[in-house]
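Have a look at the structure below, then the notes.
The values are calculated or read from the model by the stated rules, or taken from the named source; none is laboratory data. Every value quoted in this text rests on a predicted model; they were computed, and no experiment measured them. So basically every Cβ, Gly included, is an ideal-geometry build from the backbone, and we count neighbours across all protein chains shown. These area figures cover heavy atoms from the full protein model, side chains too; ligands, DNA and RNA do not enter into them. Shrake-Rupley method; radii C 1.70, N 1.55, O 1.52, S 1.80 Å.
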Amino acid sequence: MTRDTADSDGGIDRRSMLGMVGGTAVAAALAGCSTLLGEDDQSSGGEADVPDEPIQAGLQTYTEGAASVLGLQAQYGAEIAIQRINDAGGIAGREMELDVAHEADAAVENYTQFVDEGKEVTFGPISSGGHAALAPEVESQGVVNVGTDGTVTTLYEDTVPDPTYSFRFQNYDVMEVVTAAREAVARIGADNIDSIAGINPNYAFGQDEWKFFKLAIQQLVGDVDVVYEGFPELLADDMSTHITEVNDNEPDVTFTSVWGGDVTTLMNQAAANDMFDNTQLVGSILYSAVDELDQDVVEQAQAFSGSRNWYWDFPNGSRWSPNADLFEQAQSEYDVVPTAHFMSGYGAVTAWATATAKTVDILGEWPSQEQIARSLEDHGFHTPAGYHVMGSDHQGKSNAYSGSLEWDDDLGRAVLEDVNVFTPQEVAPPIGTDAEEWINSW
């Protein structure tokens, strides 16, 4: 563990932070450094040969419907990142403009339209199925896309095993599922887990998460009895069949990867049918619905939830001001508690922007798509969530967070207490190692 570099007021020394993030105004702003350093500022591209027009970018995410609970979070995060880029003078003087498209079932169509419109970079999508369909098209078209989510494990193992232009910022399924399994064992105890059940969305993401949770929990505790496997359709309005099965079987742990509006549906109906008396609920992303959950449901559930690659209050803002500043900005501009999906939008933009600024500095001119793509490989960068690395396999890796879901009267929302943090090395296979083989090797 490293110590923060403190100034005389007990905060982060902005000069040290600027050095850590690479020396550019854009990198400093996106890391959460609130001031530029005047004559010491090494803004990228001061003498670079760059186009005069703004950078046109496209984001596809869920902007309506139940999935917008997290889709809009990704949009808000991307918008704040771009606002900070522009406030810092842009990338080599070029400001960014963002067009947003509703994702729906049109990931490929949205991307193709963005490319036809001359977008220089695209971000998204949310859906794992959409991302799997999109990635080959990105490789064909050759315009960099940095995925905000779409976290299915097989994306860079099987779908596009040797990508050039497709990247993903968000931690992927195996990382958050191993986090959930380790959390269950740490909090409940291996000797107290003899049976498990699963309620997971009936498409690539949910099937992937359940598969890896079963593998991980069995490796951690030994043989367990799988008493129920339920796969509700995405955005289903009735979870009663699955809740009844859990109540009848009373598993020690019920794992779920439902997200957004489906979290609210599951937890409300589970509370109404006393499911929480019969099992311990462990979710990979229950916290994605923080702005929708009611106090009585949260208190009854006593669930454990992951928070992917960011939790807004860890480290606490009193010790890590960039976290507090971003939280306050999200609250004041959008009236939301920012979730990991907020950071997925913010981080995807940040990955591309800092890699591009770095490449301009090196080349002295505006880089090609391929040059930006190569600069993104093994690219390290800071956000208010901490330090991230975009691996040579094009998969972003960050710390993973998980905690106890509890109600906070002052915030009027659920929070995570007793937060545990797992490094990428603890929850992700080494680059080039198949995730299933890695878990089976424990």
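For the range 187-205, taking the residues that are touching a residue at least 40 places away in the same chain (Cβ under 8 Å) and in a helix (DSSP H, G or I), the one that is nearest to V419 (Cα to Cα) is identified as R187.
Residue count for the range 149-176 satisfying the condition of being touching a Lys or Arg at 6+ places or on another chain (Cβ under 9 Å) and surrounded by fewer than 19 Cβ atoms within 10 Å (Cβ to Cβ): 1.
Hey, can you tell me all the residues within the range 431-442 that are open to solvent by less than 80 Å² (accessible area, probe 1.4 Å) and not in a helix (DSSP H, G or I)?
From the range 431-442, those open to solvent by less than 80 Å² (accessible area, probe 1.4 Å) are 433-436, 438-439; that's our starting set.
Matches in the range 431-442: T433, D434.
The one condition from (1) open to solvent by 10 Å² or more (accessible area, probe 1.4 Å); (2) within 25 Å of D149 (Cα to Cα) that A340 does not meet is (1). Quick check: anything in the range 127-141 buried (at least 24 other Cβ atoms within 10 Å of the Cβ), touching a residue at least 60 places away in the same chain (Cβ under 8 Å) and farther than 23 Å from A66 by Cβ? So far as the range 127-141 goes, no, none of its residues is buried (at least 24 other Cβ atoms within 10 Å of the Cβ), touching a residue at least 60 places away in the same chain (Cβ under 8 Å) and farther than 23 Å from A66 by Cβ.
Could you identify the single residue in G222, G260 that is open to solvent by less than 10 Å² (accessible area, probe 1.4 Å) and not aliphatic (A, V, I, L, M)? Reasoning before the result, please.
On the way: G222 fails: open to solvent by less than 10 Å² (accessible area, probe 1.4 Å).
Result of the check over G222, G260: G260.
Scanning the range 194-219 for residues that are more than 21 Å from the chain's Cα centre (by Cα), open to solvent by 40 Å² or more (accessible area, probe 1.4 Å) and more than 18 Å from V178 (Cβ to Cβ) gives a single hit, D194.
Out of the residues in the range 235-256 meeting the condition of being part of a loop (DSSP other than H, G, I, E, B) and in contact (Cβ under 8 Å) with a residue 60 or more places away in the chain, tell me which one is surrounded by the most Cβ atoms within 10 Å (Cβ to Cβ). Only one residue tops the list, namely D252. Taken over the range 310-325, the criterion of being of a type in the set (G, A, S), open to solvent by less than 50 Å² (accessible area, probe 1.4 Å) and out of contact with any Gly (no Cβ under 8 Å at 6 or more places or on another chain) is satisfied by G317 alone.
Every residue, every condition in (1) within 17 Å of the chain's Cα centre (by Cα); (2) more than 21 Å from G32 (Cβ to Cβ), yes or no:
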position: Q369; (1), (2): no, yes
position: I372; (1), (2): no, yes
position: G386; (1), (2): yes, no
position: M390; (1), (2): yes, no
position: Q395; (1), (2): yes, yes
position: E406; (1), (2): no, yes
position: D409; (1), (2): no, yes
position: A414; (1), (2): no, yes
position: N440; (1), (2): no, yes
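So that you can scan it fast, the table gives a plain yes or no per residue for (1) in contact with a helix residue (DSSP H, G or I) (Cβ under 7 Å, 6 or more places away or on another chain); (2) surrounded by fewer than 24 Cβ atoms within 10 Å (Cβ to Cβ); (3) more than 22 Å from Q371 (Cβ to Cβ); (4) touching a residue at least 60 places away in the same chain (Cβ under 8 Å):
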site	(1), (2), (3), (4)
E109	no, yes, yes, no
T122	yes, no, no, yes
V143	yes, yes, no, yes
G147	yes, no, no, yes
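Could you tell me how many of the residues in the range 343-358 are open to solvent by less than 10 Å² (accessible area, probe 1.4 Å), closer than 21 Å to N171 by Cα and among the β-branched types (V, I, T)? Residues flagged as open to solvent by less than 10 Å² (accessible area, probe 1.4 Å), closer than 21 Å to N171 by Cα and among the β-branched types (V, I, T) within the range 343-358 amount to 2.
Would you call Q295 surrounded by fewer than 17 Cβ atoms within 10 Å (Cβ to Cβ), touching a residue at least 40 places away in the same chain (Cβ under 8 Å) and touching a Ser or Thr at 6+ places or on another chain (Cβ under 8 Å)? Explain how you work it out, then say what you get.
On the way: surrounded by fewer than 17 Cβ atoms within 10 Å (Cβ to Cβ): yes; touching a residue at least 40 places away in the same chain (Cβ under 8 Å): yes; touching a Ser or Thr at 6+ places or on another chain (Cβ under 8 Å): no.
In short, no.
Among the conditions (1) assigned to a strand (DSSP E or B); (2) loosely packed, with under 15 Cβ neighbours inside 10 Å; (3) aromatic (F, W, Y), Y401 misses just one, which is (2). Screening L286 against (1) open to solvent by 10 Å² or more (accessible area, probe 1.4 Å); (2) closer than 23 Å to D208 by Cα; (3) in contact (Cβ under 8 Å) with a residue 24 or more places away in the chain leaves a single unmet condition, (1).
L70 passes all but one of (1) part of a helix (DSSP H, G or I); (2) more than 19 Å from F205 (Cα to Cα); (3) open to solvent by less than 40 Å² (accessible area, probe 1.4 Å); which number fails? All conditions pass for L70, except number (2). Evaluated against (1) of a type in the set (D, E); (2) assigned to a helix (DSSP H, G or I); (3) over 20 Å from E139 (Cα atoms), E109 falls short on exactly one condition, (3).
From the list E209, E157, which one is assigned to a loop (DSSP other than H, G, I, E, B) and not aromatic (F, W, Y)?
On the way: E209 fails: assigned to a loop (DSSP other than H, G, I, E, B).
None of the others qualify; the one that does is E157.
Which residue out of D361, D418, D408, D393 is modelled with pLDDT under 95, open to solvent by 10 Å² or more (accessible area, probe 1.4 Å) and out of contact with any helix residue (DSSP H, G or I) (no Cβ under 8 Å at 6 or more places or on another chain)? Answer to the check: D361. Scanning the range 265-283 for residues that are within 23 Å of N171 (Cα to Cα) and either β-branched (V, I, T) or surrounded by fewer than 24 Cβ atoms within 10 Å (Cβ to Cβ) (or both) yields L281, V282. Scanning the range 335-385 for residues being without any contact (Cβ under 8 Å) to a residue 40 or more places away in the chain and in contact with a strand residue (DSSP E or B) (Cβ under 8 Å, 6 or more places away or on another chain) gives a total of 5.
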